[in-house]
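Just below is one structure, and these are the notes that go with it.
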Amino acid sequence: MNSQTPVEILLVEDNPHDAELTLHTLRKNRLANHVEHVIDGEQALDFVFARGAYTGRNVDNGPKVIMLDLKLPKVDGLEVLRQIKADERTRKIPIVVMTSSREESDVIESYELGVNSYIVKPVDFQQFAEAVRQAGFYWVLLNQRPAL
């Protein structure tokens with residue numbers, strides 16, 4: 001992706017099946033014009049903070065929303081959430097946790113760290129696709145956010 005193209009959605013998902021279903025649903029609903037997909041927490045932080053492979057990207061040109069899995073390799077989703085929400089430059093970026101974890105401690109910690117929404121991935125294909133469609137539609141098209 002061109003480093004100057006604004007990213008609307010940063011998808012942080014290591015499960016190839018869930019990532020493909022999410023991307024397919026976003027494309028089908030015309031919500032995937034500018035999606036960056038990364039497969040671990042380290043890549044997510046590099047993207048958001050313009051480090052590593054993303055050096056040269058403008059940190060102030062953040063995504064409209066981050067769709068974040070919690071169970072990630074290298075750096076887990078809660079740590080990604082913690083670092084993004086702790087930084088003045090990035091704390092206003094809406095983050096939607098989309099995870100299979102129904103653990104109450106994950107829900108509580110996510111909200112304590114500043115998550116904007118917590119969605120448990122449905123096991124059913126159609127329900128999962130509908131959850132992605134609704135989340136994408138709301139956060140990309142409907143949500144009004146302050147200038148970062």
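Points worth noting:
- Computed from point charges on the beta carbon alone (+1 for Lys and Arg, -1 for Asp and Glu), the dipole magnitude for the chain about its Cα centre is near 640 Debye.
- For the chain, calculated [θ]222 nm from helices alone, where every DSSP H run of n ≥ 4 adds -39500 (n - 2.57): -10500 deg cm²/dmol
- Computed Kirkwood radius, in angstrom, where 1/r is averaged over Cα pairs of region 9-134: 14.6
- Exposure proxy for 17, 34, 24: other Cβ atoms within 10 Å of each Cβ, ordered fewest to most, give 17, 24, 34.
- A simple spin-label model places pseudo-atoms 7 Å from Cα toward Cβ; at residue 55 and residue 91 they are separated by 2.9 nm.
- The ranking of 125, 137 by Cβ neighbour count inside 10 Å, starting from the fewest, reads 125, 137.
- Estimated inter-spin distance, residue 127 and residue 104, nm [label 7 Å along Cα→Cβ]: 2.1
Where a number appears in this text, it was derived from the coordinates with a stated rule and is not lab data. Please read these numbers as outputs of a predicted model, since none were measured by experiment. When we count neighbours, we look across all protein chains shown, and the Cβ atoms used for this are built from the backbone with ideal geometry, even at glycine.
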